[in-house]
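Student: Provided herewith is a single structure, encoded as structure tokens, for subsequent inquiry.
Each reported figure results from applying straightforward, stated rules to the coordinates on display, with no laboratory input. These numbers were taken from a predicted model, which means no experiment stands behind them. Note that each Cβ is placed from the backbone with ideal geometry, even for glycine, and that neighbours are counted across all protein chains shown.
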Amino acid sequence: RPEPPRRSGGHGRPLREPGVTPGARGKFVTLEGIDGAGKSTHVAFLADRMRARGHAVVTTREPGGTPTGEALRQLLLHEPMDHDTETLLMFAARREHVLRVIGPALARGDWVLCDRFTDATWAYQGGGHGVDGGRIAWLEQWVHGDCRPDLTILFDVPLPVSRERLERASAEGRRLDKFEREGDGFPERVRAVYLARSRAEPARFRVVDSTRPQEAVRADLARIVEAL
Ligand code: TMP
């Protein structure tokens, strides 16, 4: 297998904006968890806490965050497809996102709060669908090189809690996406990869027990932001 390219992408644009020293770069914070872990409900709260500390904050999500990424999101969440195709499209959306939104924001010194990033590909495509880790590692290096999260908050819930939340959402009329409808041990494998990654990189990950009431979760999140 060839070595992945190091610093720049196919059309030669560096992934880190020129003239930006690493210390001046804003913080890149990502949120992760299995479906039904409740992470998205905390995005606005986290952004407010960061702004209260004087930072400009860009909130965004994956797959998505750009017009191309949002168009790919529709396909990825609702069209059945080969698992390698799915992985490639996740990274295609990510490439646009890093080049047009995440990289420029960090270079300005803004903080970026992103609902999912490449840990989700390791968990869902790698763990859930069994896509080869070597391929994911290669794409990760190609697509975003050194642009990696400074901090990742993993919202963790056991499977029965996630299942119950998704069933409730479905009963209330929300159309579940392709990943939320996966059975056959899929969510268990996704959660196992997330937890393994959090154990492998304890300095980057904060694991939050998301089964507790919202106020308790928010108290943890406030402490995490204070310590950043
Ligand atoms: P969301 O429901 O948190 O917005 O995420 C959309 C879905 O996309 C979620 O089920 C996880 C899935 N996903 C992947 O499978 N791989 C990825 O790389 C990303 C970013 C999301």
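Student: Name the residues in the stretch 31-75 that are surrounded by 14 or more Cβ atoms within 10 Å (Cβ to Cβ), in a helix (DSSP H, G or I) and touching a residue at least 24 places away in the same chain (Cβ under 8 Å), would you?
Tutor: 39, 42, 43, 45, 46, 47, 49, 50, 68, 69
Student: Any chance the stretch 61-79 includes a residue that's within 18 Å of residue 204 (Cβ to Cβ), within 14 Å of the ligand (Cβ to nearest atom) and either polar (S, T, N, Q) or touching a Leu at 6+ places or on another chain (Cβ under 7 Å) (or both)?
Tutor: No, the stretch 61-79 contains no residue that is within 18 Å of residue 204 (Cβ to Cβ), within 14 Å of the ligand (Cβ to nearest atom) and either polar (S, T, N, Q) or touching a Leu at 6+ places or on another chain (Cβ under 7 Å) (or both).
Student: Further question: Looking at this structure, is residue 218 among the charged types (D, E, K, R) and outside any helix (DSSP H, G or I)?
Tutor: No: the conditions fail for residue 218.
Student: Can you tell me which residue within the stretch 95-123, out of those that are of a type in the set (Asp, Glu) and assigned to a helix (DSSP H, G or I), is farthest from the chain's Cα centre (by Cα)?
Tutor: Ranking the qualifying residues of the stretch 95-123, first place goes to 96.
Student: Please pick out the residue among 53, 61, 49 that is within 18 Å of the chain's Cα centre (by Cα) and of a type in the set (Lys, Arg).
Tutor: Matching residue, one of 53, 61, 49: 61.
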